[in-house]
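Here is the structure we will look at, set down as structure tokens.
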Amino acid sequence: MKILIKGATIITMESPEAIIPNGVIAVAGPRIVYVGKESALPGDFQPEKIIDGTNMAALPGFVNCHTHAAMTLFRGFADDLPLMLWLEEKIWPLEAGLKKEDIYWGTLLGCVEMIRSGTTTFADMYFHMGQAARAVEKAGLRASLSRGMIGTAPGVGAGELPPLEYSVEFAKKWHGAVGGRITVMLGPHAPYTCPPDFLRRVIEIAREFGLGIHIHLAETAGEVDDMKRRYGKTPIQLMDELGLFALPVLAAHCVHLEERDIEILAAKKVGIAHNPQSNLKLASGIAPVARLLAAGAVVGLGTDGAASNNNLDMIEEMRTAALVQKAATGDPQALPAFTALQMATVNGARALGLGGEIGLLKPGYRADIILVNLHKPHLYPRHDPLAHLVYAAQGADVETVLVDGRVLMENRKLLTVDEEEVLNRAEECAQRLVKCPK
């Protein structure tokens, strides 16, 4: 379909100044073909659908660089606990009871929440990822999917493939599927659950099949201390020594970093998924984002799972990221509004290996576009749309969402899924899991 979005304030994300008031965006099929003033729109472009962007900001859809989407089922179940206690005594016992249908409905619930708050792409690490892929296909989003792997306990249930074999078969089926909307990475959980020999095998397979790697790194001070005791190196330095960073890597968290770690991450162009709200809630710490950015590192934003956040709202995540860096550094300019927006869009795209495809409103890019309603009391007066989007906007201000030129939500109405069915089925799954004997 050919779509014309007209009358919007277009935030292209190419620079802070690249804002087009009362502009138009022309979409043909899955890609953007024109961005600019209507007076310069090619005369041969005849839209089949016109979307009124009056009083709207048009910008690239948000890229959630790290989540565990099906953990929406555990939202509010085990709050106010430190990471390892939260994992070992609350989350992992419930996860042992997960069934395939739980992953489908939990992921679909996450997709509904993300569409409603303007996320068009997310990176996910969990189990039964074929079910997650089905949910992504149904919802119409773009996703990078990884089967989480625990190298210290590779046992599987009856009839299940070992995690690495499963990941390979999953990649063969889904990498590049549904018009390229789904890509696959390998997902070793973390250095403290995946020893070096296991990681070397992961690296071999990733190289053989041309896949990236999604991994948690340096999330807590305890993790860093443990790695130093075991190997005499920080998690970042250990991964570098193993050769992990010779491949495309998406590293979640990266909270506790030495200067040498920052140098490595920047030099190797590792994609970093900064998850400020989860890190704050679990008291994991504050990542040195300002220093990472100053070093030239690629830093995107993620929400982590809804069990440790407790939502998937990237507008909230942008605001938290900006405010926390200002407070942590004592510098109100440490992470300005446009930088926060970059982290949520174009930087996130680069972190996922999708730079050049998404993250900008530019001809040739995928038509992943959101419209944010600026006609709200908390968004007046209109001094600075960039500042408003980061410091004042809400997820519920997102009115319309397109992915690959397909409208997923228009005027707050979801068009790809039955929201009531998703809410009811996810609730049923969650209640059954909680009642299962531990």
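The values are calculated or read from the model by the stated rules, or taken from the named source; none is laboratory data. The model shown is predicted, which means the values in this text are computed figures rather than measured ones. All Cβ positions, glycine included, derive from the backbone under ideal geometry; neighbour counts span all protein chains shown.
Observations
- Residue ID - modelled with the lowest pLDDT, chosen from residues in region 1-27 that are hydrophobic (A, V, I, L, M, F, W, C) and surrounded by fewer than 17 Cβ atoms within 10 Å (Cβ to Cβ): MET1
- Positions within region 410-429 being within 23 Å of the chain's Cα centre (by Cα) and part of a helix (DSSP H, G or I), in sequence order: GLU419, VAL422, LEU423, ALA426
- Taking the conditions (1) in contact with a Leu (Cβ under 7 Å, 6 or more places away or on another chain); (2) not assigned by TED's automatic domain parsing to the domain that holds ALA123 in turn, LEU94 satisfies each one other than (2).
- Flag if LEU312 is at pLDDT 95 or above, over 21 Å from the mean Cα position of the chain (by Cα) and not in a strand (DSSP E or B): no
- If only residues of region 329-352 that are in contact with a Lys or Arg (Cβ under 7 Å, 6 or more places away or on another chain) and crowded, with 18+ Cβ neighbours inside 10 Å are counted, the one that is farthest from SER146 (Cα to Cα) is ALA334.
- In region 158-213, residue farthest from MET227 (Cα to Cα) [restricted to those that are in a helix (DSSP H, G or I) and of a type in the set (Ser, Thr, Tyr)]: TYR166
- Tallying residues that are modelled with pLDDT of 95 or more and over 13 Å from GLY106 (Cα atoms) within region 414-438 yields 6.
- The residues of region 200-240 that are farther than 12 Å from LEU257 by Cβ and aliphatic (A, V, I, L, M), listed by number, are VAL202, ILE203, ILE205, ALA206, LEU211, ILE213, ILE215, MET227, LEU238, MET239.
- Count of residues meeting criterion [of a type in the set (D, E, K, R) and within 22 Å of GLU410 (Cα to Cα)] in region 344-391: 4
- Count - residues of region 373-417 that are touching a Gly at 6+ places or on another chain (Cβ under 7 Å) and β-branched (Val, Ile, Thr): 4
- The one condition in (1) surrounded by fewer than 24 Cβ atoms within 10 Å (Cβ to Cβ); (2) touching a residue at least 24 places away in the same chain (Cβ under 8 Å) that GLY355 fails to fulfil: (2)
Condition check ((1) aliphatic (A, V, I, L, M); (2) buried (at least 23 other Cβ atoms within 10 Å of the Cβ); (3) over 18 Å from GLY222 (Cα atoms)) across all residues:
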residue: HIS256; (1), (2), (3): no, yes, no
residue: ILE262; (1), (2), (3): yes, no, yes
residue: ALA267; (1), (2), (3): yes, no, yes
residue: ALA273; (1), (2), (3): yes, yes, yes
residue: GLN277; (1), (2), (3): no, no, yes
residue: GLY285; (1), (2), (3): no, no, no
residue: ARG291; (1), (2), (3): no, no, yes
residue: GLY296; (1), (2), (3): no, no, yes
residue: GLY305; (1), (2), (3): no, yes, yes
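- Identification of strands (runs of 3 or more DSSP E) wholly contained in region 1-119 with 2 or more residues that are without any contact (Cβ under 8 Å) to a residue 40 or more places away in the chain yields 19-28.
- Matching option when the condition is surrounded by 14 or more Cβ atoms within 10 Å (Cβ to Cβ), touching a residue at least 40 places away in the same chain (Cβ under 8 Å) and either more than 21 Å from the chain's Cα centre (by Cα) or not in a helix (DSSP H, G or I) (or both), among VAL407, VAL434: VAL407
- Restricting GLY285, GLY300, GLY305 to those that are in contact with a Cys (Cβ under 6 Å, 6 or more places away or on another chain) and either in contact (Cβ under 8 Å) with a residue 12 or more places away in the chain or on the phi < 0 side of the Ramachandran plot (or both) reduces the list to GLY300.
- Evaluation of GLY405 against (1) assigned by TED's automatic domain parsing to the domain that holds CYS111; (2) at positive phi (one fails), failing number: (1)
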